[in-house]
Amino acid sequence: MQMKKLLLPSLIISLLVGCSSSTPPQNLEQFTQYSGGQNMGDATSFYWYTEKLGFPVSGSDYVSSGDYGWYQSEYRWVENQVREVIREGEQLSDSNGLIPYRVHVRFNKDGQAIYQQYRLDDKVRPLNEEQLLRYQQEASSLVIQAKDQNSKGVDLIQGYWDGTEFETCSGRTYTSVEFNHALPSFVINRLASIDSYVAFLGSTRGSKVVVEELLMLAEDDHSCIERAQLIEK
């Protein structure tokens, strides 16, 4: 099976997931990596999170809301506080379809925004206190979700299934895929007959991949989604 190139998509209106690759070159004894994802209503989320000696360092997410748009974010913590957020994506406007936007916020140690920039379709807009608080809350939620799923023994996995083998986005190959929950018949038929990109919460056991929750199923030309790295190091 030919390995697909890892790219950040401009827009994905399907199911989504992430690949827990893109691990920074860090001391692995100090850093712990987490990944996860969820479907909630029309939105599908992937997230990645890094701790150093039990304290938050960085996190990223990718969220698609179907026809309403998508975004990716990166969060940075200092001394257990969210200190920086960058988010970029596209959102639906009333007249122009999907339009690009970008948010960059820095917080001080007291959680107050000391720098903020919001560009919507290349026009500068203000951010209100509710929006600023939401970015902080979403960062905290990312940590909770990723660690909770890790405690249940599942991670974010994405790759390609050709009916015989599953090749992850990091290049590992598994010859068996097991689903712990019943799937709709059309999904089973598709997996049996069509090469597919698959993203899910699950685990690996020897040569077997165990799927706990299917997050995305798409054509096999669908690119893997990388962890967003937007903040300058």
Notebook entry, point to check: Going by the conditions given, is residue 140 closer than 22 Å to residue 36 by Cα and outside any helix (DSSP H, G or I)?
Noted result: no
Item checked: Test: residue in the range 85-105 that is surrounded by fewer than 18 Cβ atoms within 10 Å (Cβ to Cβ), in contact with a Lys or Arg (Cβ under 9 Å, 6 or more places away or on another chain) and small (Gly, Ala, Ser) -> no
Check: Name the pairs: first residue in the range 110-122 and polar (S, T, N, Q), second residue not in a strand (DSSP E or B), Cβ to Cβ under 6 Å, at least 6 apart or on different chains?
Finding: 116/127
Item checked: Residues of the range 193-222 that turn out to be outside any strand (DSSP E or B) and crowded, with 16+ Cβ neighbours inside 10 Å, as a count -> 1
Note to self: Taking the condition of being touching a residue at least 40 places away in the same chain (Cβ under 8 Å) and either surrounded by fewer than 12 Cβ atoms within 10 Å (Cβ to Cβ) or not aromatic (Phe, Trp, Tyr) (or both), how many residues in the range 123-147 meet it?
What the structure shows: 9
Checklist line | Criterion: under 29 Å from residue 57 (Cβ atoms) and basic (Lys, Arg) - qualifying residue of 152, 123 | finding: 152
Notebook entry, point to check: If you go through the range 193-233, how many residues are without any contact (Cβ under 8 Å) to a residue 24 or more places away in the chain and among the basic types (Lys, Arg)?
Noted result: 2
Item checked: the range 14-56 - residue that is surrounded by fewer than 17 Cβ atoms within 10 Å (Cβ to Cβ), hydrophobic (A, V, I, L, M, F, W, C) and part of a loop (DSSP other than H, G, I, E, B) and, of those, modelled with the highest pLDDT -> 53
Notebook entry, point to check: Is at least one residue of the range 99-114 among the small types (Gly, Ala, Ser) and farther than 21 Å from residue 37 by Cβ?
Noted result: yes
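The values are calculated or read from the model by the stated rules, or taken from the named source; none is laboratory data. As the structure is a prediction and not an experimental result, all values here were calculated from the model. With ideal geometry, Cβ positions are generated from the backbone for all residues, glycine too; neighbour counts draw on all protein chains shown.
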